[in-house]
Amino acid sequence: MATAGKVIKCRAAVAWEPTAPLMMEEIEVAPSQEGEIQIKVVATGVCHTDLYHLFEGKDKCGFPSVLGHEGAGVVESVGPGVTDFKPGDKAIPLFLSQCGECKFCKCPKTNLCDRNNRTIFHIIFHPLAFFGNVSFSLWQTVINQIAVAKIDDDAPLDRVCLLGCSISTGYGAAVNTAGVIPGSVCAVFGLGAVGLAAVMGCKNAGASHIFAVDINEQIFEKAKIFGATDFLNPKAYNKPISEVLSEMTSGGVDFSLECVGNTEVMRTALESCVKVWGVCVLVGWTNVKDISARPIQLISGKTWKRSLFGARTLLQNWLIDYMTGKIKLDEFITHKMSLEQVNNAVNLMKTGIRCILNISK
C-alpha cells in the first residue's frame, strides 16, 4: 500500500485533558515496525470505559490521548515479520495483547498479557497516550499483531466492533468467569452494554431466572430482549436490594454480576448471592475507591471473582455465534454517527445510549 513504511497524517478525536470536549485534530501516526500492522479504522463503539477515563478516572497522566478501544477495520499494510495478516484482511484489535511469551500468557489461569503497544501517535511533536492498548477514534492506526484478531471477510465491521470490548466482557463474564449453569438463578447489576451482554450470557448458559437490576427502568424492555426474566429498580424499595433478592429467591441468587463499576454496588452484588455456593463476579471498571465487605460473607462460602475482557479471548467463536444468530449484536446499537460527532456520542453515552462511530472517510 502507498502508506506502508511512511508516517501517516490523519484526523483523530483527541482528549487534551480530563472532562474537556474531544477535539478533532490532525495527528501523525508512526509507520509499522517489526510485527506491526497498519489498520484503516472503519467503525468504533463508544464505551463507558472511555467516559471513565475522561470524567471519572482522575489520572492526568493519561492525557492528551486518543480514546476508543472497541473497533474494527481493514488491514492496509503489514510490517516486517508479519505472516498471519495481509492487506485487505478484516480485523478487530484487542485491548488485551496475547504475546504468548510472557509469564501471564504462559499461565492458563489468566488472559492478561505483560506486553503493551508502543506510543505511535504525535501531534505537534507531542506524544499522545495510546488508550486501552488500542486507541480507535481516528482514521488510521498501527497495532502490534499480538493485539489483533483476524475475522471473516463477510463480518459487518460496524457491528462486530462491539466484540472488541463490551459484548465479550459481559458475555464472557457470565459463561467463562461465573460459569453459569443450566437452571441457576442470576442477577445482573447495571444494564449498559456490558450488563446486557451478561444477561445474554446467562440466558445462553441456561439460567432459569435472570434478575435485571438498574435504576433506569426504561432499559428493562431492552433487557427482556436479551433474556432477562425479572426486573428490579433498587429505588423502588425501602430496603436494600440484596434483601429483596434474598426474599425473592429463598436466600439469594446463585450468580451475580456487577456491571456498573461502583464499589457500593459491588458489595451489594456479593450480598445478593446465596451463602455456601453463591458466586459474585466484578465486571465494572473502576480504580477510584476501595472496596469492602464483611468477612463472614466470604467465610460462609460465597466466592468473589473478577473478570477482564470475558476471562478468555474467544472472539472467533463468538463471531461465529453472532453470524449464526446465537449472540445478538445489532440490538445493542442505538445510534450511528460520524467521527466528527464524537462529543454527541459521548453525551448520549452518559444517558446509557450506545453509539457506533463510522470512522472511514
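The values are calculated or read from the model by the stated rules, or taken from the named source; none is laboratory data. These numbers were taken from a predicted model, which means no experiment stands behind them. Here the Cβ positions follow ideal geometry from the backbone for every residue, glycine too, while neighbour counts run over all protein chains shown. To get the accessible areas, we keep the full protein, side chains included, count just its heavy atoms, and leave off ligands, DNA and RNA. Shrake-Rupley method; radii C 1.70, N 1.55, O 1.52, S 1.80 Å.
One quarter of the convex hull surface built on the alpha carbon atoms of region 219-361 amounts to 11.4 nm², the projected area averaged over directions.
Per residue, the solvent-accessible area of the chain (1.4 Å probe, heavy atoms of protein chains only, all protein chains present) comes to 44 Å². For the peptides 253-259, 208-214, the ranking by mean Cβ contacts within 10 Å, running from highest to lowest, is 253-259, 208-214. Please compute P(r) over all alpha-carbon pairs of region 1-118, binned at 10 Å starting from zero, and give each bin as a whole-number percent. Percent of Cα pairs in each bin: 12, 34, 38, 16, 1.
Which order do Lys6, Lys103, Lys40 take when ranked by solvent-accessible area (1.4 Å probe, heavy atoms of all protein chains), largest first? Numbers along the way, then the final one.
Details: Lys6 115, Lys103 140, Lys40 70 Å².
Greatest to least solvent exposure: Lys103, Lys6, Lys40.
In the chain, helices alone account for a calculated mean residue ellipticity at 222 nm of -5500 deg cm²/dmol, with every DSSP H run of four or more residues adding -39,500 (n - 2.57).
Could you tell me which of Ser32, Met266, Asn317 has its Cα farthest along the dipole of the chain towards the positive end, charges placed at Cβ (Lys, Arg +1; Asp, Glu -1), taken about the Cα centre? With unit charges placed on the Cβ atoms, the residue in question is Met266.
Positive end of the dipole of the chain (Cβ unit charges, origin at the Cα centre): among Ala228, Ile143, Thr177, the Cα lying farthest that way belongs to Thr177.
Potential lengthening of the chain between Glu243 and Asn287 amounts to 13.1 nm, from the contour at 0.36 nm per residue minus the alpha-carbon distance. Roughly how many nanometres apart are two label points built 7 Å out from the Cα toward the Cβ at Ile215 and Glu34? A separation of 5.2 nm, rounded to one decimal place.
Taken over region 21-86, the ratio of Cα radius of gyration to 2.2 N^0.38 Å equals 1.36. 3J(HN,Hα) couplings calculated from phi for region 178-183 with the Karplus curve 6.51 cos²θ - 1.76 cosθ + 1.60 (θ = phi - 60°) are, in sequence order, 5, x, 3, 10, x, x Hz; Gly and Pro show x. The fraction of accessible area contributed by carbon and sulfur in region 31-116 is 51 percent, rounded to a whole number (1.4 Å probe; ligands and nucleic acids excluded).
Measure out, as a whole number of angstrom, how far apart the alpha-carbon centroids of region 323-361 and region 192-259 sit. Result: 24 Å between the Cα centres. For region 234-280, the calculated P(r) over all alpha carbon pairs, in 5 Å bins from 0 to the bin holding the longest distance, is 6, 25, 29, 26, 12, 2 percent. Note on Lys235 and Ile296: with the Förster distance fixed at 30 Å, the Cβ-Cβ geometry gives a FRET efficiency of about 0.65.
Normalised Debye scattering of region 235-318 at q = 0.26 Å⁻¹ gives log10 I(q)/I(0) of -1.28, counting only Cα atoms as equal scatterers and leaving out solvent. Residues with beta-carbon under 14 Å from that of Ile296, excluding Ile296: net charge, scoring Lys, Arg +1 and Asp, Glu -1? Residues close to Ile296 contribute a combined charge of +3. Quick check: net charge around Val75, other residues with Cβ under 15 Å of its Cβ, Lys/Arg +1 and Asp/Glu -1? Cβ neighbours under 15 Å give a net charge of -2. The label point for Lys106 and the one for Val74, both projected 7 Å from the Cα toward the Cβ, are 4.1 nm apart. Protein heavy-atom surface of region 206-361, 1.4 angstrom probe: 51% of the accessible area is carbon and sulfur, with nucleic acids and ligands not counted.
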